[in-house]
Amino acid sequence: MKSLMQTLTRNAVAAALIVGGAAGSLAADLKVGLSVSLSGPNSSLGVPYAKGMQAALAYRPEINGRKIQLIVLDDGSDPTTAGRNARKLIEEDKVDVIMGTSGAPSAIAMAQVGRDAKTPMIGLTPISLDPAENPWVMTVAQPPQLMIDAVVDRMKRDGVKTVGYIGFTDAWGDLVYNALMKATPAAGIKVVSNERYARADASVTGQVLKIVALRPDAVMTGGAGTPGALPFLALAERGFRGGVYGQHGLINPDFVRVAGSSAQGALMPTGPVIVAEQLPADHPAKKIGMDFRAVFQRVNNAPTNDAFSAYSFDGWLVFADAASRAMKKAEPGTPEFRVALRDAIFSTSEVVGTHGVYSFKPGNLYGVDERARVIVKLDNGQWKLAP
């Protein structure tokens, strides 16, 4: 597994450097700074983010005739490095917007830098921040509550009365747990545990033993990427026969590969792009989802089979729409443009993306509604739209 991840990381870094260099040679008029985890435990998320951004640049390389330069940095799955990258992108590379990253703690670190430097940030992961104190940040990811509400509705339909929880010790684990605690009372479901583990842990056997001893009807997991597979593996090893539910942080091929048969039948919410070909013809995300798949295949010479690359693509769509309007008020590369871009993003209305339809407004980090979620089931390594 380590050698495979190293290969993926090297390929992503090389591709990212090519993107930045090629775009730079065109004397770009707009600059986008991307910091993601191309190495470390979050790289199974960061590599898709980088590849999705390459597809986005190929899909729309200019705005109103002005070229776009993409600068990509690796944060090594470290929040401190993510914050440092954001500062470099803003102060040295003079980007108009920052985007990232592969985990809530690192995204928060970037957002704080963007706020202090008065530079807009388009997050690619859910972010737990007070919008009133962070008027420069928004995210194209779905809010955890929106997604966990869908999971709890499914649990109720499946007859679940008690559920154990196991998730990361960090902000992502908190986001999922808090959303679960808010959604379950109205559904008549009791949460019986709150077990945690670090992203870098090699085992969760102790935590799972405690959960199994409580005999819950089901288990809800609050992990992401490859480390998110650990609870599934441990529950299968202990012979747990109840339902196991996940969330959108697990929709990537490395999770599927590592979890293997232990995740067979797992149910979780995700954006509609994951099952674009299975959507009804009138679904708003179907066409752009299929367009994204085509350009991703062309640019990366491989199909997309994760949710994270599509978040990058959607972030680019939101940026492009807002920048086209902000350029009428100020020149890119200036403080005035960054203000105009921030204001334009927060006036985004019905921009159709692969994960949902985006409409932002001041005071709200998120811009999607129920159109941004579907429930999928893992069936022999493939995501299937659940009935």
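The values are calculated or read from the model by the stated rules, or taken from the named source; none is laboratory data. Bear in mind the structure is a predicted one, so any value in this text is a computation, not a measurement. Note that each Cβ is placed from the backbone with ideal geometry, even for glycine, and that neighbours are counted across all protein chains shown. Ligands, DNA and RNA are excluded from the accessible area calculation, which covers all protein heavy atoms including side chains. Shrake-Rupley method; radii C 1.70, N 1.55, O 1.52, S 1.80 Å.
Each peptide among 118-129, 199-210, 365-376 gets the average number of other Cβ atoms lying within 10 Å of its residues, and from highest to lowest they stand as 118-129, 365-376, 199-210. Extension gain, Met181 to Ala281, is 32.5 nm, computed as 0.36 nm per intervening residue step minus the present C-alpha separation.
Computed from Cα atoms, the angle from the helix 286-300 axis to the main principal axis of the chain rounds to 70 degrees. For the chain, the residue among Leu250, Asn380, Gly46 whose Cα projects farthest onto the positive side of the dipole built from Cβ charges is Asn380.
Converting phi to 3J(HN,Hα) with the Karplus coefficients 6.51, -1.76 and 1.60 and the offset θ = phi - 60°, the stretch 322-333 yields 6, 5, 4, 7, 5, 5, 7, 10, 7, 8, x, x Hz in sequence order, with x at every glycine or proline. Each of Ser193, Gly271, Gly225 was scored by the projection of its Cα onto the charge dipole of the chain, and the greatest displacement toward the positive side belongs to Ser193; charges sit on the C-beta of Lys, Arg, Asp and Glu. For the cross-link pairs Lys361/Lys384; Lys156/Lys210; Lys329/Lys361, the ones whose C-alpha atoms lie over 26 Å apart are Lys361/Lys384. Placing +1 on the Cβ of every Lys and Arg and -1 on the Cβ of every Asp and Glu, with nothing else charged, gives the chain a dipole about its Cα centre of roughly 480 debye. If you take the Cα centroid of the stretch 117-157 and the Cα centroid of the stretch 273-351, the two points sit 17 Å apart. For the chain, the residue among Pro216, Leu129, Thr348 whose Cα projects farthest onto the positive side of the dipole built from Cβ charges is Pro216.
Of all lysines in the structure, those lying under 16 Å Cα to Cα from Lys88, and not within fewer than 8 positions of it along the same chain, are Lys31, Lys118. With a cut-off of 15 Å, note down the residues of the stretch 169-204 whose backbone N falls inside the zone around a label point 7 Å from the Cα of Arg238 toward its beta carbon. Counting backbone N atoms under 15 Å from the label point, the list is 192-197, 203-204.
Ligands, DNA and RNA left out, the accessible area of the stretch 272-326 computed with a 1.4 Å probe is 56% carbon and sulfur. Taking amide H as placed 1.01 Å from N in the peptide plane, the amide H of Tyr197 sits under 5 Å from that of Gly167, Phe168, Thr169, each at least 5 places away or on another chain. The helix-only estimate of mean residue ellipticity at 222 nm for the chain, built from DSSP H runs of length n ≥ 4 each weighted as -39500 (n - 2.57), is -14000 deg cm²/dmol after division by the residue total.
Just want to confirm a number: the relative contact order over the stretch 238-387, from Cα pairs under 8 angstrom separated by 6+ residues, in percent. For the stretch 238-387, the relative contact order is 28 percent. The length gained on full extension between Asn380 and Asn194, counted as 0.36 nm times the residue separation minus their Cα-Cα distance, comes to 64.0 nm. Each label point was placed 7 Å from the Cα along the Cα-to-Cβ direction; for Ser349 and Glu336 their separation is 2.6 nm. Accessible surface calculations at 1.4 Å, restricted to protein heavy atoms, place the chain at 38 Å² per residue.
The antiparallel fraction among DSSP beta bridges confined to the chain stands at about 25%.
Can you grab the distance from the C-alpha centre of the stretch 80-115 to the C-alpha centre of the stretch 210-253, Å, no decimals? The two parts, judged by their Cα centres, are 32 Å apart. The label-point distance for Lys94 and Glu62, in a model that sets each label 7 Å from Cα toward Cβ, rounds to 2.1 nm.
Each residue of the stretch 104-120 was assigned a 3J(HN,Hα) from its phi angle through the Karplus curve 6.51 cos²θ - 1.76 cosθ + 1.60 (θ = phi - 60°); the sequence is 4, x, 5, 5, 5, 4, 5, 4, 5, 5, x, 4, 5, 8, 6, 10, x Hz, with glycine and proline shown as x. Take each peptide in 286-293, 156-163, 255-262, count the other Cβ atoms within 10 Å of every residue, and average; sorted highest first, the result is 286-293, 255-262, 156-163.
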